[in-house]
Amino acid sequence: MSEVQFKGYAITDASLWTQFSIVEYQPKNFDDNDVEVAIAYCGVCGSDVHTITEGWGKIPTPLVVGHEITGKVTRVGANVKQFKVGDRVGVGAQIGSCYKCRACTNEQENYCPNKIDTYNDHYPDGVFAQGGYSTAIRANQQFVFPIPENLPLKYASSMLCAGLTVFSPLKRHGCGPGKKVGVIGIGGLGHYAVLFAKAMGAEVYAFTHSTRKVDDIKKMGADHVVVTGTNPDFAKPLHMMLDLIVCTVDVGTDMPLADYLSTLWVHGKFVMVGLPDEPLPQMKAFDFLCGAFLGGSHIGNKVEAVEMLQLAASKGIRPWIEELPMSKAGEAVQRVKKGDVRYRFVLKQDIAPIDIE
Amino acid sequence: MSQVQFRGYAITDPKKWSDFSIIDIKPKTFEETDVEIAITHCGVCGSDVHMITQGWGEAPFPLVVGHEIVGKVTRVGSQVKEFKVGDRAGVGAQVASCYECRACKSDNENYCPKSLSTYADKYPDGVVTQGGYSTAIRAHEQFVFPIPEALESRYAASMLCAGLTVFSPLKRNGAGPGKKVGIVGIGGLGHYAIMFAKAMGAEVYAFTHDKSKVEDIKKMGADHKGDFAKELAHSLDLIVSTRDVAEGMPLQQYLSMLWVHGRFVTVGLPDKPLPQLTAFDLNPNGCFLGSSHIGSKKEAIEMLQLAADKDIKPWYAELPMKDVQQAVERLKRNDVRYRFILTQDIA
């Protein structure tokens with residue numbers, strides 16, 4: 001039996017969303033399918049900010065966010081075969097599903113209508129799910145991912161939401177050799193999309209609003225960088241050229257969506273992984289007459305998570321991260337809100353000691 | 001040299017959108033790649049009404065509409081391989097493209113950025129394209145479709161826009177055995193969508209608020225639903241929407257009926273914008289929203305053959321072309337089961 005304590009940096013007053021205080025909380029009731037993880041690192045996701053600012057709706061408090069979690073296994077249930085104590089593992093943005101519906105039995109657990117989010121959600125027995133700005137977490141083994149040996153935990157962390165959320169649509173919608181893939185918005189998710197799309201063999205067009213990030217984006221490996229903010233005609237030279245676009249921007253109504261659709265080849269797809277607070281631009285049926293599709297995507301499944309981590313390990317893919325102690329979560333979320341990060345914060349857990357790299 | 005005269009029923013005054021009068025038409029300047037057709041039948045399409053009412057924007061006048069055309073070939077250019085004088089042939093909603101771009105070279109000529117519509121468009125030499133409520137038309141061979149022996153002209157006509165416009169997305173998005181397909185709006189296009197989707201082997205759900213169509217829908221082979229069905233949440237592979245009205249459209253609910261990565265393709269082109277969506281309407285099932293533009297010649301031929309083989313006929317009402325005013329006015333009111341076909345009566 002492990003001696004793990006469950007404590008985390010929580011928001012206790014939603015009107016003071018940058019002020020975290022350490023709270024103790026009740027974890028998931030341990031069952032035979034669960035894995036318990038002592039947390040080493042947790043990435044800071046835009047979702048964390050959307051949640052604590054109540055951009056996505058009112059929140060209960062105290063609330064511990066964070067869903068890009070890596071650490072070491074401290075306990076496994078009797079039915080867990082894949083993991084043993086001491087293994088290096090991660091947990092992403094989903095912590096449960098129903099395990100029996102058509103989605104769950106077809107490797108689409110990320111689309112289960114009864115899925116449970118890693119934080120700000122409830123288990124069927126009523127326990128509130130608290131996230132990874134904390135010392136430990138428990139999750140069903142389906143939602144625990146093995147981290148390859150040669151991939152340091154601090155790099156793997158932010159792959160578990162940001163990375164997976166772009167890897168899944170890239171993979172599912174054909175990113176690979178011979179394909180032209182657009183990435184809109186080069187932040188936490190967007191920079192991963194550039195790195196992964198290149199690793200998968202595609203020709204990458206990165207769309208960014210200003211010139212601020214252009215040099216970095218070229219170093220990330222993008223074949224083309226299109227600056228959109230100062231150029232209203234940016235889409236014209238790209239007419240009907242791209243096979244797939246993954247859009248990560250946190251912008252809704254102000255996005256030139258019709259222009260982006262016009263850059264897609266026949267039946268090309270624009271996949272929106274950004275989840276802005278406000279709606280998307282209103283469209284006419286005519287905007288889609290080029291045959292392009294507008295769609296969404298929700299994280300990825302475990303098979304994709306494992307494949308992505310293997311790809312990162314084998315190709316030496318490293319995110320551009322800035323590490324902070326977890327006690328500085330307040331500073332991290334403020335800077336994410338302003339877009340002031342190159343390109344992901346990773347918080348190092350500092351509440352309880354942990355024997356890790 | 002044929003003696004064909006080009007005359008048609010035109011709208012001459014945009015303020016009187018259903019007042020037709022016969023005018024002489026200046027036809028396409030004949031080229032060696034062209035086929036000339038003496039028209040026997042032309043279907044009446046919702047597009048015709050959108051155009052003459054200027055719901056889709058300003059139109060040039062005088063305007064002869066109609067793009068579901070069947071007739072007999074009267075003349076062929078020296079480079080025409082597929083047709084000879086006397087053949088039965090048809091023309092749909094497109095009459096030209098550039099023939100050399102990536103789209104044109106990949107059986108996607110219906111997506112060529114330089115495509116020309118059968119009416120209200122302009123050839124590079126300035127001639128305005130005029131449609132099939134007329135005696136004759138000329139078109140490049142690529143946009144002329146052979147009509148199978150076993151398929152009567154009056155049946156084939158409305159397949160050339162209504163039929164093709166739904167057949168193409170059904171085919172391209174995988175309608176077939178083991179698939180569940182929803183069709184929204186059971187009118188000219190929608191009723192073809194049911195019949196083709198059934199013929200392609202899919203399980204078909206028809207969505208309409210019009211209870212008077214329920215018996216017909218069952219005869220066409222579909223399971224009828226109202227505007228939306230909660231019990232179908234997360235289960236349809238494809239929805240083809242022919243709905244012509246954007247106001248009050250329950251788009252989010254339609255999207256919620258799609259299985260993971262299912263597609264909602266609107267071939268209906270309402271005048272007004274679609275309901276505004278959020279990213280959260282798309283990510284619970286990773287679904288896709290798109291449209292589709294007619295179909296390729298390859299698909300037109302496949303569709304006509306399928307119709308001939310499986311004895312697919314439209315549900316239609318036939319009128320002499322001189323009664324075109326009645327046809328367009330009734331179509332505007334949705335008072336047709338399910339397509340008007342006009343029989344050419346000028347020459």
Subject >> Too-long pairs where the Cα-Cα distance tops 30 Å, listed order kept, from A:Lys236/B:Lys26; A:Lys236/B:Lys84; B:Lys114/B:Lys298 >> reply: A:Lys236/B:Lys26; A:Lys236/B:Lys84
Subject >> Ranked packing of B:259-265, A:198-204, most packed first, by mean Cβ within 10 Å >> reply: B:259-265, A:198-204
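Which value at 222 nm does chain A reach when only helices count, each DSSP H run of 4 or more adding -39,500 (n - 2.57), with the total divided by all residues and rounded to the nearest 500 deg cm²/dmol? Let's see the in-between values first.
On the way: 8 runs with 71 residues, N = 357.
That calculation yields -5500 deg cm²/dmol at 222 nm.
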Subject >> DSSP-defined beta bridges in chain A - what % are antiparallel, rounded to 5 >> reply: 55 percent
Subject >> Nearest-10 value in Å² for the accessible area of B:Leu274, using the 1.4 Å probe >> reply: 10 Å²
**OP:** Provide, in order from the shortest bin, the percent of all Cα-Cα pairs of the stretch B:164-291 in each 10 Å bin, continuing until the bin that contains the maximum pair distance.
**Re:** 14, 49, 33, 4
**OP:** Taking 7 Å along the Cα-to-C-beta vector as the label spot, tell me the B:Lys26-A:Gln334 distance in nanometres, rounded to one decimal.
**Re:** 7.1 nm
Subject >> Computed Kirkwood radius, in angstrom, where 1/r is averaged over Cα pairs of chain B >> reply: 20.4 Å
**OP:** Might you work out the accessible area of A:Tyr25 for me, using a 1.4 Å probe with all protein chains in place, and round it to the nearest 10 Å²?
**Re:** 30 Å²
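For the pairs A:Lys171/A:Lys284; A:Lys180/B:Lys180; A:Lys171/A:Lys213; A:Lys179/A:Lys348, flag any whose C-alpha to C-alpha distance is greater than 27 Å.
The pairs that break the limit, which is 27 Å between Cα atoms, are A:Lys171/A:Lys284; A:Lys180/B:Lys180; A:Lys179/A:Lys348.
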Subject >> With all protein chains modelled, accessible area of A:Asp125 [1.4 Å, Å²] >> reply: 100 Å²
**OP:** Please identify, among B:Met200, B:Met249, B:Met159, the residue showing maximal mean-square fluctuation in a Gaussian network model of chain B using a 10 angstrom Cα cutoff.
**Re:** B:Met249
Original post:
Under the classification rounded if a/c is under 1.5, otherwise prolate if a/b is larger than b/c and oblate if not, where does chain A fall, given a ≥ b ≥ c as square roots of the Cα gyration tensor eigenvalues?
Top reply: prolate
Subject >> Average partner coverage of B:168-176, which counts Cβ from other chains inside 10 Å >> reply: 1
Original post:
Considering every residue in B:271-278, what mean count of other chain Cβ atoms within 10 Å of its Cβ is obtained?
Top reply: 6
Subject >> Exposure rule at most 10 other beta-carbon atoms within 10 Å, DSSP loop GluC sites (Glu not before Pro): chain B longest free segment >> reply: B:248-347
**OP:** Classify the stretch B:89-185 as rounded, prolate or oblate from the Cα gyration tensor: take a ≥ b ≥ c as the square roots of its eigenvalues, call it rounded if a/c is under 1.5, otherwise prolate when a/b beats b/c and oblate if not.
**Re:** oblate
Subject >> Long-range HN-HN contacts of A:Ala136 with modeled amide H, under 5 Å >> reply: A:Lys7, A:Ile39
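Which whole number gives the average count of other chain Cβ atoms within 10 Å of the Cβ atoms across peptide A:269-281?
Across A:269-281, the average partner-chain Cβ count within 10 Å equals 4.
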Original post:
How large is the helix-only mean residue ellipticity at 222 nm for chain B, computed as the sum of -39500 (n - 2.57) over DSSP H runs with n ≥ 4, divided by its residue count, in deg cm²/dmol to the nearest 500?
Top reply: -5500 deg cm²/dmol
**OP:** Mind pulling the angle between the C-alpha long axis of helix A:162-172 and the longest principal axis of chain A? Nearest 10 degrees, somewhere in 0 to 90.
**Re:** 50 degrees
Original post:
Of all the C-alpha pairs in the protein assembly as shown, what % are more than 41 Å from each other?
Top reply: 38 percent
Original post:
Percent relative contact order of the stretch B:180-325, based on C-alpha pairs within less than 8 angstrom and at least six residues apart?
Top reply: 20 percent
Subject >> the stretch B:52-123: trypsin sites (Lys or Arg not before Pro) in DSSP coil with no more than 10 other Cβ atoms inside 10 Å >> reply: B:Lys81, B:Lys84
Subject >> Cα-derived Rg over Rh, computed across the stretch A:84-210 with Rh taken as Kirkwood radius >> reply: 1.01
Subject >> Shape category assigned to the stretch A:163-296 from the gyration tensor of Cα positions, a/c cut at 1.5 >> reply: rounded
**OP:** Starting from the Cα of B:Lys230, draw a straight line to each of the aspartates and glutamates and keep only those under 16 Å, dropping any in the same chain fewer than 8 residues away.
**Re:** B:Asp281
Subject >> Share of alpha-carbon pairs per 10 Å distance bin for the stretch B:219-347, given as whole % >> reply: 10, 28, 34, 21, 6, 1
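Could you compute the net charge surrounding B:Asp210? Neighbours are other residues with a C-beta less than 14 Å from the C-beta of B:Asp210; K and R count +1, D and E count -1. Provide the component values of the computation, followed by the final result.
Working: positive: B:Lys211, B:Lys213, B:Lys218, B:Lys225, B:Arg243, B:Arg333, B:Arg337; negative: B:Glu215, B:Asp216, B:Asp227, B:Asp244, B:Asp335.
Net charge in that neighbourhood comes out at +2.
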**OP:** Give the span of the stretch A:160-236's Cα atoms along each principal axis, as three whole-Å numbers ordered largest to smallest.
**Re:** 32, 26, 19
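The values are calculated or read from the model by the stated rules, or taken from the named source; none is laboratory data. Fair warning: this is a prediction, and the values are worked out from it, not measured in the lab. Cβ: placed from backbone, ideal geometry, glycine included. Neighbour counts: every protein chain shown. Heavy atoms of the whole protein, side chains included, go into the accessibility calculation; ligands, DNA and RNA do not. Shrake-Rupley method; radii C 1.70, N 1.55, O 1.52, S 1.80 Å.
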